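The values are calculated or read from the model by the stated rules, or taken from the named source; none is laboratory data. None of these values were measured; they are calculated from a predicted model. All Cβ positions, even for glycine, are placed from backbone atoms using ideal geometry, and neighbour counts span all protein chains on display. Ligands, DNA and RNA are stripped out before the accessible areas are found, and what is left, the full protein with its side chains, is counted by its heavy atoms. Shrake-Rupley method; radii C 1.70, N 1.55, O 1.52, S 1.80 Å.
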Amino acid sequence: MDPSIYRLRLRDILTLCVLSLLLLGALMVQSASMNVSGNVGWRWTVAGTRDAIFAAIALVTFFIVGNIDYRKILSTKGGLLRNHVVWLLGIAGVTSVLVLVPHIGLEVNGARRWLPLGPVQVQPSELAKWAVVFFLSWWLTSRPVNLDKFSMFLFTLIPVGALCLLTVIQDFGTAALIAVCAMTMLVVGRVKWWHLLVVIPPALCAGAWFVMHKEYRWRRMIAFVDPYSAPQKEGYHMIQSLLSFATGGVTGKGLGNGIQKLGYLPEDTTDFIFAVICEELGLFGALLTVALYLGIMYVAWQCLKQKRDSLGRMLAFGIGSMVSLQAMINIAVATVSVPTKGLSLPLVSAGGSGLVITCAALGLLYSVSKFNHPEEEPIQPAEPEPAPKRKIKPPPPVENVPLRPNLVSDAIWKQWTVGN
Amino acid sequence: MVIFSPQFSARRAAVIMLLVGGAFVALIGRVAYLQTYGRQQTIERADRQQHQSEILRARRGSIFDANGMLMAGTVQTQSLYCDPKFMQDCYQEDGKSLVMMDQDIDKLAKLIDKNPIELSELIGDKSSSRFVKIAEHLDDRTVAEIDKLDMPGLGTMPTDERYYPMGSIAAHILGGVQKDNVGLEGIELKYEKLLAGKEGFKRVLKDARRRPIAVAAEDYLPPQNGQHLILTIDANIQMIAEQELARVCTDYRANRGEVVVMDPKTGDVLALGNWPNFNPQNLEDSKPEVRRDRALTDPYEPGSTIKPFVAGPALEWKITRPGEVFPVHGPHYKSPLRSKLVTDVHGYDQLAFWDVLVKSSNIGMTMLGERMGKDRVYNALKCFKFGVPTGVELPGEDPGLVKPVAKWGSSDLCSAVQGYSIMVTPMQLCRGFCAYANGGRLVEPHLIKGVLDADGEIVSRAKPSALELMPEAVDRATSLEVRRILADVPIRGTAKGAASKIYNIFGKTGTAHVSQGASGYANKYTSSFLCGAPFENPRLVVAMIVHEPDPEYAKEHHMSYYGGAVAAPGATRIIDRALAYLQVPESPAVPPPPPAIAAVLYDYHANLYGDKSVSARDALKD
């Protein structure tokens, strides 16, 4: 699309959406972490300050990444060791393993999810999530192997599955998100339907087993059916979230006036920030948030509609899909439409390094919308070579094979056969 | 390596994105549902969780006597409660033991005056509970000492408690309150709304740790403290009256007694007492019968004390004159009104009407009644509003009973003039007698002098109407005449022994048989004395009624059960002490009655007509 003074360019829409979400996030995190029992008046809270700083860093990252050609970032030329995607995959894998090692991974709330890295902490699951998106974008569009073969299809799933498994130990929600997102990318990447259909049931079974064998996950599922059966335990999060919507009503309590954030609603700056938004800003807040995610989806859609290289299209789809799916699941959790999962609302929740990583990925979307590479020549699949004609060796000449004595005379034989 | 064509399906991408977008729209719908219809189920729970309502109690107003002395107030005491679970947990921790807990409970029990074993049982039995009330009504000093014990799991809570600094004085007027500070009887009940005020409420927004955050303007209603009452009761006169009543009642082994003291010119009730009395502080110690304010609620047949109220109008209406001579002729009289003989205690030959009242002759009054007829007697009683509540500001007042004249039989007329077959309350008698003390006006008795608001500003002030505007029971001349006649009662009449040495008292005794219903009258009496003083310028009117003094006991101790002997000395002492307290100067001597009156009096002698050897005239000459 040409730059025009009358219309926002695609990347401007994206910038607007990202900026708005970051601002909304910083504002709501500050609001949610405010404590009213001290002095009256505006004060930056610890969480609010932290989130604002990270949002600023994330925004800078967004622009830096966005102004570099995505083909340079995801360069796959020149062997395995110079393949950036492979490196990313490797880093994600190594950190995912490292975080599981005691004394290295930080344990918060009983789950080992954080890897301390100097002053900040990194969630390897965030890395893994995007590594899978980038890997699939490259793999599905450049097709170094013949994906029409089931064995090659399974080979593709190996890194995806491995990262999923590593992540599922730390964070079931992110693993599920990775799996669903990978599925959408595989569908869009035109793998064979029956390949997918073969793989899905075992994956579902594994997921179900995983939910069942940990008791607390199972209790959470049961609590989802009737949150009021355990209002102080498993149902607490859900009930408090529901109460937030009730307290706010359609009009909302007004910015900063939320009550549920005062210790009632758990995880109010991260997983349940949407409930805080709805309590304070009402239906308007919900519409605004969803509209901004739909804006990102719109940008992704416009990019993949363009006449351009398929890596760019696939990247746009993957990134848009990942962000919107995560937002969707988070909102579904907050509205108690699905059982509780620990997923943050991308760009809005207080997340530290996760915010920066998400912004970097969205920077890639920006880059996709900025740099337009020409569509590859549609390479026809090479004519299947005619099957080589088998050279039939002439039988070796029979040379003086001693005949065995004829036990039945020709005449009798003839009689025997002709007579029938 | 073989390169296959890059593949990408924009159509599939569109489908997936549409699905995600649709999911977003559905979630928005879910949000909208939760904020509107779904809200109805959850908002109540949210409200319960986020807010804490508390009732702000209004402080109950105080009651003061006419001089501003506190008769009923509200003090804040502390209730002690305990969290047994927390207490046990604390004693099991950090090097302490349950033995120490028992020792501390022993100390605590001493402080709050309880049995240590019972106390530790109380705490032990409810060891899983979080709130047990241990003691009530603790003063600040005890609370400070309990604080010194430094026991974990103990707490105090302030409670408002009604406090009666005068003890049982004026108990029947005040009445007392129930546990929850709601008036039970007396003024406390009658002025419940005014005294209680209006309780307010506060709905506090709290955070999850139950720390208060804010109170919205519409969630706060400050309590309106109760208003204070100022009574017309004078605590000193009240005390004098109750003391003398108690003395009389105990001296004569009476069943019960009532006394009413009024200011005849304003209608202020200065004292109102019942015996036996009770302590409003400890209502549980007294029976409901004892708490009845019988001076208002229990009408009785007044006997002779009704006579001035018939005589006054009779004199006004010129039906008789003070000097008219009534031919009594002995202690028994066969009246045409009824078959039963009318009896006098003493027999007289002839009595001036003056002396009919002074000597309280039933026969003389019956003769007057015959002359008056039902209607006039009825009207005479109605002049003093017998049978109508006086309207004094106390609950449960009985109107008494004066039958409509159409239902009077002829014997009722005969009874009525002697004070039977009608029922009056002591308050009505006292109010009626005020008419003779103030020049004939029927005052309205009242108890409330004024109302102050919680800050002590005057809200309203009782304005007694001028005496001249009050309805006239008898005209002024008649009232003075009757007053003069009654002033002879303590000098020459039935209350001869009860004359005051300081003040001139005018009064009327009464000794009524107690009706036993259908079975007639038993050997039980109601001795009463209705009086006012000083005669020259009456300041007080006292009605003292002593029910059922023990006649056997009186006989044994050479005492009489007549009103003049039982109630009159007590009433006189009340007058003496109360007037001295009011700094009323000593009275001059009363001029003697006109000689013509006294000359008419002839003692009846049993032999006057049967055995002529002794004549009354001869007896007088001696």
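Averaged over the residues of A:245-254, the number of partner chain Cβ atoms lying within 10 Å of the residue Cβ comes to 5. Evaluated with a Cβ-only charge set (Lys, Arg +1; Asp, Glu -1), region B:212-308 carries a dipole of roughly 440 debye about its Cα centre, given to the nearest 20.
Karplus-derived 3J(HN,Hα) values for region B:95-107, using 6.51 cos²θ - 1.76 cosθ + 1.60 with θ = phi - 60°, are x, 8, 9, 5, 5, 4, 4, 4, 4, 5, 5, 4, 4 Hz; glycine and proline are entered as x. Each label was represented as a point 7 Å from its Cα along the Cα-to-Cβ direction; for B:E199 and A:I222 these points are 4.3 nm apart. Between B:Q224, A:F134, B:C90, the Cα set farthest toward the positive side of the dipole of the protein assembly as shown (charges on each charged residue's Cβ, about the Cα centre) is that of A:F134. You can think of it this way: the chain between A:H373 and A:I392 has 1.7 nm of extra reach, that is 0.36 nm per residue less the Cα-Cα gap.
Measuring max minus min along each principal axis, the C-alpha atoms of region B:292-430 give extents of 48, 28, 27 Å (largest first). Each of the peptides B:192-202, A:391-401, B:310-320, B:120-130 was scored by the mean count of other Cβ atoms within 10 Å over its residues; in descending order, highest first, they stand as B:310-320, B:192-202, B:120-130, A:391-401. For peptide A:238-244, the mean count of partner chain Cβ atoms within 10 Å of a residue's Cβ comes to 4.
Give me log10 I(q)/I(0) at q = 0.19 Å⁻¹ for region B:1-132, Debye formula, one equal scatterer per alpha-carbon, no solvent. Debye intensities relative to I(0), on a log10 scale: -1.11.
Highest-first packing order for the peptide set B:437-447, B:529-539 is B:529-539, B:437-447, based on the mean count of other beta carbon atoms within 10 Å. Distance from the C-alpha centroid of region B:156-213 to that of region B:497-513: 44 Å, rounded to the whole angstrom.
Could you work out the local net charge near A:K261, counting Lys and Arg as +1, Asp and Glu as -1, over the other residues with Cβ closer than 11 Å to its Cβ? Show your work: numbers first, answer last.
On the way: positive: A:K253; negative: A:E267, A:D268, A:E279, A:E280, B:D207.
So the environment of A:K261 carries a net charge of -4.
Calculated FRET efficiency, A:F63 and B:I55, Cβ-Cβ r, R0 41 Å, to nearest 0.05? Once rounded, the FRET efficiency stands at 0.10. Shape annotation for the protein assembly as shown: C-alpha extents along the principal axes are 205, 89, 66 Å, from largest to smallest. Summing Cβ point charges (Lys, Arg +1; Asp, Glu -1) relative to the Cα centre of region B:235-591 gives a dipole of roughly 1000 debye. So what does A:R217 come to for accessible area, using a 1.4 Å probe and Å² rounded to 10? Solvent-accessible area, nearest 10 Å²: 30 Å². Counting Cβ atoms of other protein chains within 10 Å of each Cβ in A:276-285 and taking the mean gives 2.
Applying a DSSP loop filter and a limit of 15 other Cβ atoms within 10 Å to the trypsin sites (Lys or Arg not before Pro) in region A:44-121 leaves A:K77. Backbone geometry of region B:272-286 corresponds, through the Karplus equation with coefficients 6.51, -1.76 and 1.60 at θ = phi - 60°, to 3J(HN,Hα) couplings of 8, x, 10, 10, x, 10, 8, 10, x, 5, 10, 5, 5, 7, 10 Hz, x marking Gly and Pro. Here's how it looks for A:K253: its modeled amide H is under 5 Å from those of A:E280, A:L281, A:G282, which are all 5 or more places away or on a different chain. Taking amide H positions as modeled 1.01 Å from N, with prolines and chain starts lacking one, the residues under 5 Å from B:R256 and 5 or more places away or on another chain are B:H547. Here's how it looks for A:N372: its modeled amide H is under 5 Å from none belonging to a residue 5 or more places away or on a different chain.
How big is chain B by the Kirkwood estimate over distinct Cα pairs, in Å? Please list the in-between numbers first.
Details: mean 1/r = 0.0339 Å⁻¹.
After inverting the mean inverse Cα-Cα distance, the result is 29.5 Å.
Simple rule: put +1 on each Lys or Arg Cβ and -1 on each Asp or Glu Cβ in region B:342-434, find the dipole, and look at B:V405, B:P389, B:G419; the Cα lying farthest toward the positive end is B:V405.
Spherically averaged projected area of the convex hull of Cα atoms, region B:194-292: 11.4 nm².
These residues, A:L288, A:L59, go from largest to smallest accessible area, 1.4 Å probe, as A:L288, A:L59. Evaluated at q = 0.07, 0.09, 0.11 Å⁻¹, the base-10 log of the normalised Debye intensity for region B:235-591, with identical point scatterers placed on the Cα atoms, takes the values -0.27, -0.45, -0.69.
By average Cβ neighbour count within 10 Å, what is the ranking of A:206-214, B:478-486 from highest down? Numbers along the way, then the final one.
Working: A:206-214: 12.4, B:478-486: 22.4.
Ranked by mean Cβ neighbours within 10 Å, highest first: B:478-486, A:206-214.
Coupling constants for region B:565-574 follow from the phi torsions by the Karplus curve (6.51 cos²θ - 1.76 cosθ + 1.60, θ = phi - 60°), and in residue order they are 9, 8, 7, 4, x, x, 5, 5, 5, 4 Hz; glycine and proline get x. Taking the Cα centroid of region A:202-223 and of region A:89-146, what is the distance between the two, rounded to the nearest whole Å? The distance from the Cα centre of region A:202-223 to that of region A:89-146 comes to 23 Å. Can you pull out the GluC sites (Glu not before Pro) in region A:191-293 that DSSP calls coil and that have at most 11 other Cβ atoms within 10 Å? Listed in order of number, the matching sites amount to none.
A probe of 1.4 angstrom, applied to the heavy atoms of all protein chains, finds A:V101 with accessible area near 60 square angstrom.
Placing +1 on the Cβ of every Lys and Arg and -1 on the Cβ of every Asp and Glu, with no other charges, gives chain B a dipole of roughly 1820 debye about its Cα centre.
GNM on chain A, alpha-carbon springs under 10 angstrom: the most fluctuating residue among A:L80, A:L283, A:L22 is A:L80.
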